[in-house]
Amino acid sequence: MTFPYKLVATDLDGTLLRDDDTVSERTREALAAVTAAGAAHIIVTGRAVPWTRHILDDLGYEGLAVCGQGAQVYHAGEHKLLTSLTLDRQLAGLALSKVEAEVGPLALAASRDGLDGEVLVGPGYRVQEGPLPAVFAEDPAELWSAPLNKVYIQHPDLDDDALAKAARSAVGNLVDVVMAGPGVVEILPLGLTKATGLSLAARRLGLKAADTLAFGDMPNDIPMFAWAQRGVAMANAHEDLKAVAQEITTSNEDDGIAVVLERLLQSYG
C-alpha cells in the first residue's frame, strides 16, 4: 500500500483528540495504516511537553512531537527534549505592559521550560476544567522566576479574537501573539510558530514541506498550513484557518483525520 505524503502532521486539541481527550479507534487505525505505508506521523501541538507526554504515552507514540507552539521538539520514545526555545522574560514583560496600556489589566499564566515545567497560574486567571495540572501562584512575581516557553493572557471583557488582535497591535515586533484555542491567547518568542518547530522535526527525519499533509483547527495552525504541501481544516475549525485550508474534513468528533487518510489510502493503494 502506498501513500502520497511522507509526513502527516496533526494538531492535538480539537483535531486528533476528541472533546473527551481521547483518540478514536478509527483514527488510530488510519494513522497506523499510514505509517505502515511508510509515512511518518508527527504531532504538532501548542501544549508544552508536560501537558502532552501522557497522551503520547497512551497512544504508544514513539516518534517526534513538536510541542509548545514549536518551541520544543520532543522524542516521545526516548522521553527526551531535543530542542527547546525560551521566551525572553524581559521582552515579554515589556510587551505585556504595552498590551495593558491599551486594554487594561490582564490575568496571566506562565508555562515553564523543560520536561517537567509547570504551568503557573496568576491571580484571576481562569483555568479550564480538565486533567491538565497547574500550580496557583499567589505572588505574580513567581511567574517570572524561571525560564518560560510562553505566557498565557486573559482579559475580563475581551473575547479571544479581540484580545489577540489588540495584543498583536500593541506589542509590535517584541514578541508574537497567537490564539491557540478557546480561552487560550499566548505570548511567544518572536518568529516562533508551529511551522518552525515542524520544519526542525521534519529535517531530522530527512523530510520537507513538499512531503507534508497537515491537519489543524485553530489560527495557530495557519503557519503550519502555509509550510505544508496540503492543509486540512476540521469542520470545527476557526474560520481564519478554514479560509487558508485546501480542504475541510469532518469534525474531531467525527474522525475527520481518518476520513481523509482512508480516502487517500484507498485512492493510492
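The values are calculated or read from the model by the stated rules, or taken from the named source; none is laboratory data. Everything quoted here is computed from the prediction, not taken from an experiment. As a convention, Cβ positions derive from the backbone with ideal geometry for all residues, glycine included, and neighbour counts pool all protein chains shown. Each accessible area value is taken on the protein alone, full model and side chains, heavy atoms only, with ligands, DNA and RNA left out. Shrake-Rupley method; radii C 1.70, N 1.55, O 1.52, S 1.80 Å.
I'd like to verify a number: residues in segment 1-38 that are of a type in the set (Asp, Glu) and open to solvent by less than 50 Å² (accessible area, probe 1.4 Å), how many? Lay out the reasoning, then the answer.
Let us first name the residues in segment 1-38 that are of a type in the set (Asp, Glu), namely 11, 13, 19-21, 25, 29.
Filter once more, so that each one left must be open to solvent by less than 50 Å² (accessible area, probe 1.4 Å): 11.
Final tally of qualifying residues: 1.
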Number of the condition not met by Leu82 [criteria: (1) modelled with pLDDT of 95 or more; (2) among the aliphatic types (A, V, I, L, M); (3) under 30 Å from Trp227 (Cα atoms); (4) crowded, with 16+ Cβ neighbours inside 10 Å]: (4)
From Asp157, Asp161, residue being surrounded by fewer than 17 Cβ atoms within 10 Å (Cβ to Cβ), closer than 29 Å to Asn236 by Cβ and without any contact (Cβ under 8 Å) to a residue 12 or more places away in the chain: Asp157
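Just the residues that are surrounded by fewer than 19 Cβ atoms within 10 Å (Cβ to Cβ) and closer than 28 Å to Arg18 by Cβ, please, taken from segment 180-195. Let's see the steps before the verdict.
Taking segment 180-195 first, the residues surrounded by fewer than 19 Cβ atoms within 10 Å (Cβ to Cβ) are 182-183, 190-191.
Residues satisfying the conditions are Pro182, Gly183.
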Just to verify a result, which residue in segment 84-132, among those that are out of contact with any helix residue (DSSP H, G or I) (no Cβ under 6 Å at 6 or more places or on another chain) and among the β-branched types (Val, Ile, Thr), is nearest to Leu174 (Cα to Cα)? Thr86
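Is one or more of the residues making up segment 218-238 in a loop (DSSP other than H, G, I, E, B), surrounded by fewer than 22 Cβ atoms within 10 Å (Cβ to Cβ) and polar (S, T, N, Q)?
Initial filter on segment 218-238 (in a loop (DSSP other than H, G, I, E, B)): 218, 228-229, 234-238.
Filter once more, keeping what is surrounded by fewer than 22 Cβ atoms within 10 Å (Cβ to Cβ): 229, 235-236.
Now narrow it down to the ones that are polar (S, T, N, Q): 229, 236.
There is at least one residue in segment 218-238 that is in a loop (DSSP other than H, G, I, E, B), surrounded by fewer than 22 Cβ atoms within 10 Å (Cβ to Cβ) and polar (S, T, N, Q).
Quick one: how many residues across segment 143-172 are closer than 18 Å to Thr86 by Cβ and not small (Gly, Ala, Ser)?
Taking segment 143-172 and keeping what is closer than 18 Å to Thr86 by Cβ, we get 143-153, 171.
Okay, now just the ones that are also not small (Gly, Ala, Ser), so 143-144, 147-153, 171.
Going through segment 143-172 one residue at a time, the tally reaches 10.
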Please report, ordered by residue number, the helices (runs of 4 or more DSSP H) entirely within segment 1-104 with at least 2 residues that are closer than 25 Å to Leu261 by Cβ and not aromatic (Phe, Trp, Tyr). 25-36, 53-59
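Every residue in segment 178-217 that is closer than 20 Å to Ala109 by Cα and part of a strand (DSSP E or B), please.
Val178, Met179, Ala180, Gly181, Val184, Val185, Glu186, Ile187, Leu188 - these are the residues of segment 178-217 that are closer than 20 Å to Ala109 by Cα and part of a strand (DSSP E or B).
Before we move on, is Asp254 without any contact (Cβ under 8 Å) to a residue 60 or more places away in the chain and in contact with a Pro (Cβ under 9 Å, 6 or more places away or on another chain)? Spell out how you get there, then give the answer.
On the way: without any contact (Cβ under 8 Å) to a residue 60 or more places away in the chain: yes; in contact with a Pro (Cβ under 9 Å, 6 or more places away or on another chain): no.
Against the criterion (without any contact (Cβ under 8 Å) to a residue 60 or more places away in the chain and in contact with a Pro (Cβ under 9 Å, 6 or more places away or on another chain)), Asp254 does not qualify.
Give the residue, chosen from Leu261, Leu241, that is open to solvent by less than 10 Å² (accessible area, probe 1.4 Å) and farther than 18 Å from Met179 by Cα.
Values: Leu241 fails: farther than 18 Å from Met179 by Cα.
Going through Leu261, Leu241 in turn, the sole match is Leu261.
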Could you count how many residues in segment 1-31 are modelled with pLDDT of 95 or more, more than 21 Å from the chain's Cα centre (by Cα) and of a type in the set (A, V, I, L, M, F, W, C)? 1
Being under 18 Å from the mean Cα position of the chain (by Cα) and either of a type in the set (D, E, K, R) or assigned to a helix (DSSP H, G or I) (or both) is the filter here; which residues of segment 239-264 pass it? Glu239, Asp240, Leu241, Lys242, Asn252, Gly256, Ile257
Look at segment 143-177 and say how many of its residues are under 17 Å from the mean Cα position of the chain (by Cα), in a helix (DSSP H, G or I) and of a type in the set (A, V, I, L, M). 1
